[in-house]
Amino acid sequence: MEQNVRFYICPVCKNQIGMIHHSGKNVCCCNQEMQLMESQDGSNELTYKIDNNKIIISTNSNKILWIALVGNNKTIRKTLEYYENDIAFENIPESTIYAYSSEKGLLRLEVKS
């Protein structure tokens, strides 16, 4: 389920924000406009399994810095430690997984419940 969630990155300091509502105004950091991050297919880096009311998201990369689960008017984001490969979330049916890889950028994977 596509949500109106956008992720931006500062071209100077690499700060990142997740926007839950966009008013149409530019977002700035370091006196520059932040860049909208375009997502790409994450099926090679991300997998998931649903276990009761939890979704366990796994990655085969240690380059993933954070993962967000978006759906049903909710966004849940968690930061991964360097050694973490699995992270559990409350399951949100028909959601989208977003993950930021320091190597590949913003990744996306649709959850099929």
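For the stretch 6-110, a simple Cβ point-charge model (Lys and Arg +1, Asp and Glu -1, everything else neutral) yields a dipole of about 300 debye relative to the Cα centre. Farthest toward the positive end of the dipole of the chain, out of L109, N4, L65, is the Cα of N4, where the dipole comes from beta carbon charges about the Cα centre. Cα centroids of the stretch 47-110 and the stretch 5-22: 17 Å apart.
At 0.36 nm per residue, and after removing the present C-alpha to C-alpha distance, how many nm does the segment from N72 to I50 gain when stretched out fully?
Details: separation 22, 0.36 × 22 = 7.92 nm, distance 1.66 nm.
Here the answer is 6.3 nm.
Ignoring the sites themselves, the chain has its longest run without GluC sites (Glu not before Pro) in a DSSP loop having at most 15 other Cβ atoms within 10 Å at 39-80. Within the shell of other residues whose beta carbon sits under 12 angstrom from the beta carbon of L107, the net charge comes to -2, with Lys and Arg scored +1 and Asp and Glu -1.
Toward the positive end of the charge dipole of the chain, with +1 on the Cβ of Lys and Arg and -1 on the Cβ of Asp and Glu, the farthest Cα among G18, T47, A99 is that of G18. Of Y83, Y100, Y48, which is the most mobile in a GNM of the chain whose springs link Cα atoms less than 10 angstrom apart? So, out of Y83, Y100, Y48, the one fluctuating most is Y83.
Within the same chain, aspartates and glutamates fewer than 8 places from K78 are excluded, and of the rest, those with a Cα less than 16 Å from its Cα are D86, E90.
Scan the chain and hand back the longest stretch that contains none of the trypsin sites (Lys or Arg not before Pro) lying in DSSP loops with at most 13 other Cβ atoms within 10 Å.
Details: sites that count: K14, K25, K112.
My reading of the result: 26-111 is the longest stretch.
Every number here is computed from the coordinates shown, using simple stated rules; none is lab data. Everything numeric here is computed off the predicted structure, so don't read it as measured data. Reconstructed Cβ throughout: ideal geometry from the backbone, glycine too, with neighbour counts over all protein chains shown.
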